[in-house]
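Scroll down for the structure; my scribbles are underneath it.
The values are calculated or read from the model by the stated rules, or taken from the named source; none is laboratory data. What you are looking at is a predicted structure, and each value in this text was computed from that prediction instead of being measured. Positions of Cβ are generated from backbone atoms using ideal geometry, with glycine treated the same way; all protein chains shown enter the neighbour counts. Just so you know, the surface numbers come from the protein's heavy atoms only, side chains and all, with ligands and any DNA or RNA stripped out. Shrake-Rupley method; radii C 1.70, N 1.55, O 1.52, S 1.80 Å.
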Amino acid sequence: MPPEVVRAVDATARDVGDEGWVEADIPVESVEHALGELLRLGADVEAVAPAALREAMAATVDAFARTYGTG
């Protein structure tokens, strides 16, 4: 991840639940850029907001599932 994203995570990280998840605010240039960056992390990340990013993540994952025959 770019250094500014790492700094943002370090500055805003807060524990969520008992399974080791962390919620953090990261800077987003655009939905398209954030989508590509977050997809690199696979299932180890969940986009909570903005809604447009969450929707783009869901649509992309659905497309992957259809491509690989599991959706």
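Would it be correct to say that residue 11 is at pLDDT 95 or above, more than 12 Å from the chain's Cα centre (by Cα), open to solvent by 70 Å² or more (accessible area, probe 1.4 Å) and of a type in the set (A, V, I, L, M)? In short, yes. Screening region 14-44 for residues that are closer than 17 Å to residue 64 by Cβ and exposed (fewer than 13 other Cβ atoms within 10 Å of the Cβ) and picking the one that is farthest from the chain's Cα centre (by Cα) gives 32.
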